[in-house]
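A short write-up of the structure that comes next.
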Amino acid sequence: MVLALSFLCLSCATVPYTGRKSLNLVSDAEMVSLSLQQYAQVMKEAKLSGNARDVRMVKDVGQRIASASETFLRETGRGADIQSFQWEFNLIDDAETVNAWCMPGGKVAVYTGLLPLTKDETGLAVVMGHEIAHALARHGNERMSETLLVQLGGMGLALALSQKPKATQDLFLALYGISSQVGFMLPYSRLHEAEADRIGLMLMARAGYDPREAVALWERMAAQGGSRPPQFLSTHPAPESRIANLKALIPEVMPYYHKGSGGIK
């Protein structure tokens, strides 16, 4: 137990900007290697957009936020972390998919189905800042680490119940699965989303985009949504909660925007 706790303590990292302690059981090199393999597979199967204007917009916005991210890391004494990122930005031609993502290591994809909602560069910066924030905060590493812990806990429980009747084993393992999802995995997913919102607002403001536009974007996103599960059963915050949190964060990040070039119109 002492060795395990010591290992967990040594595996803790600090999330940039928020200062939260996070669990990183997997090395950055391993995460980047895995993400590059997955990225290569996605790119092999994807159809890239041929719309030169939209492709240029995605690349321009991405580069600005990536540059803001690297400046932030240098200013906060994390310059060495920049080596983990090999930035690349692609627009995937898929009008049915309203999505974007950034893998560990800085490989970013935006789907054309997102562009009608983002409307312009600033709207796109909200989403790309959010996705890049996930990578900056090492949320992928933390999610994998949490999964490993849950699996380890399940193995330990199964071992402890090995002498019990099968019905008892099945019942306790089922309860463990439900409680680990509702009480551990889902709350961390919502925490990651809220944290990416906060870091993403800071990054887009540093890149010269007005962070106040984030509220309008997420209002448009909420208007597109259908029925949703209760917040405690969702990996994302409820739209109303997210919008309220964004409004509360605007005063925190506006100084970065005013300090910059005045933003994109």
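The values are calculated or read from the model by the stated rules, or taken from the named source; none is laboratory data. Since this is a predicted model, take the numbers as computed values, not measurements. No Cβ is skipped: glycine too gets one built from the backbone with ideal geometry, and neighbour counts run over all protein chains shown.
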Mind checking whether some residue in the stretch 149-172 is in contact with a Leu (Cβ under 9 Å, 6 or more places away or on another chain), modelled with pLDDT under 70, closer than 30 Å to residue 28 by Cβ and among the aromatic types (Phe, Trp, Tyr)?
no
Collect the residues in the stretch 43-59 that are within 25 Å of residue 208 (Cα to Cα) and either in contact with a Pro (Cβ under 6 Å, 6 or more places away or on another chain) or surrounded by 13 or more Cβ atoms within 10 Å (Cβ to Cβ) (or both), keeping them in residue-number order.
51, 54, 55, 57, 58, 59
Scanning the stretch 19-42 residue by residue, those surrounded by fewer than 15 Cβ atoms within 10 Å (Cβ to Cβ), outside any helix (DSSP H, G or I) and either touching a residue at least 12 places away in the same chain (Cβ under 8 Å) or touching a strand residue (DSSP E or B) at 6+ places or on another chain (Cβ under 6 Å) (or both) turn out to be 20, 21
Answer yes or no as to whether residue 223 is modelled with pLDDT under 85 and either more than 25 Å from residue 139 (Cα to Cα) or not in a loop (DSSP other than H, G, I, E, B) (or both).
yes
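Residue-wise test of (1) more than 23 Å from residue 199 (Cβ to Cβ); (2) assigned to a helix (DSSP H, G or I); (3) among the β-branched types (Val, Ile, Thr); (4) touching a Leu at 6+ places or on another chain (Cβ under 7 Å).
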residue	(1), (2), (3), (4)
17	no, no, no, no
44	yes, yes, no, no
54	yes, yes, no, yes
62	no, yes, no, no
69	no, yes, no, yes
101	no, no, no, no
110	no, no, yes, yes
116	yes, yes, no, no
Tell me which residues, restricted to the stretch 226-244, are modelled with pLDDT of 85 or more, under 18 Å from the mean Cα position of the chain (by Cα) and not polar (S, T, N, Q).
242, 243
Applying the selection to the stretch 71-99, what residues are assigned to a loop (DSSP other than H, G, I, E, B) and closer than 21 Å to residue 36 by Cβ?
85, 86, 87, 99
Residue under question is residue 35, and the condition is that it be modelled with pLDDT under 95 and touching an Asp or Glu at 6+ places or on another chain (Cβ under 8 Å); does it hold?
no
Residue count for the stretch 50-98, restricted to those that are touching a strand residue (DSSP E or B) at 6+ places or on another chain (Cβ under 9 Å), small (Gly, Ala, Ser) and over 20 Å from residue 119 (Cβ atoms)
1
Scope the stretch 60-69; condition surrounded by fewer than 18 Cβ atoms within 10 Å (Cβ to Cβ) and over 19 Å from residue 111 (Cα atoms); matching residues
67
